[in-house]
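All remarks here apply to the structure that follows.
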Amino acid sequence: MGEAESMQQDIVTSWTADRGAPRLAPLGREEYRRRREAAGRPVPDSAQLNISRTWAHSPGLAEAQAPLQRYLFSGSALSPRLREIAILRVGWRCRSRYEFAQHVLFARSAGLTDAEIGALAGGDAGPGWSELDRLVLDVVDELHAAHDLTDETWDRVAGLLPVGEVVDLLSVIGRYWTVSVVANALRLDLEQPAATALAEVVGSSEEPT
């Protein structure tokens, strides 16, 4: 088994191991709803997620980051496919079971196949990616390893994406590094749909098409 395959197996093993109870329990759904309504704020669809109800322990932070989240998902010109490739790869590199699993669902909605999603969870992600897909992977991997980009990678990304999308890509990566490490440190439990999706794609041996 090579280094890449060993890393993949180590992370899959850690994702299936019992990590114990969450370090900070999310607010109950009714308590979350009560607090939102008392503050005159609508209850978002994300109320179903453990991470949203855990961030609600710091209501100012939860409210402050909401506009950024909305922009990254509905205001940015960066394509949903590239956004989800970046987020999944960040989740994998950060060993964040919670974040990777949540974005299996988003990635499917963005058009990624289960084989593609599974390939993102290990090594160099294998063959079959487009030039732009591969560039996004390289950007994530370099930022994770060195916290910077080489001039060569910068020239590639600046040559393939408009400048606004370059900034958005870097910001998506930074944003989901934060989400990933927070989810890890809090030992967040997965919701069942995400847990099922993770089990369906991690370890896929198919090549992306």
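The values are calculated or read from the model by the stated rules, or taken from the named source; none is laboratory data. If you're wondering where the values come from, they're calculated on a predicted model, not measured in any experiment. Positions of Cβ are backbone-derived with ideal geometry, glycine not excepted, and every protein chain shown enters the neighbour counts. Calculation scope for accessible area: heavy atoms of the full protein, side chains included, ligands and nucleic acids excluded. Shrake-Rupley method; radii C 1.70, N 1.55, O 1.52, S 1.80 Å.
A few comments on the model shown:
- Packing order of peptides 165-175, 58-68, highest average first: 165-175, 58-68 (average count of other Cβ atoms within 10 Å over each peptide's residues).
- Under Karplus coefficients 6.51, -1.76 and 1.60, residue-wise ³J(HN,Hα) of region 101-109 in Hz, glycine/proline x: 4, 4, 8, 4, 5, 5, 5, 4, 5
- Per-residue ³J(HN,Hα) for region 47-53, Karplus 6.51 cos²θ - 1.76 cosθ + 1.60, θ = phi - 60°, Hz, x for Gly and Pro: 4, 6, 8, 4, 5, 5, 6
- Residues in region 56-71 carry Karplus couplings, in order, of 5, 5, 10, x, x, 5, 4, 6, 5, 8, 4, x, 5, 4, 4, 5 Hz; the curve used is 6.51 cos²θ - 1.76 cosθ + 1.60 with θ = phi - 60°, and Gly or Pro positions show x.
- Gain on full extension, evaluated as 0.36 nm per residue between Glu37 and Ala110 minus their Cα-Cα distance, stands at 23.1 nm.
- Matching label, Cα Rg over 2.2 N^0.38 Å computed from the structure shown, candidates (1) 0.95; (2) 1.32; (3) 1.04: (3)
- For the chain, the per residue solvent-accessible surface stands at 51 Å², with DNA, RNA and ligands left out and a 1.4 Å probe.
- Signed unit charges on C-beta, dipole axis of the chain, positive-most listed residue Gly126, Leu49, Gly60: Gly60
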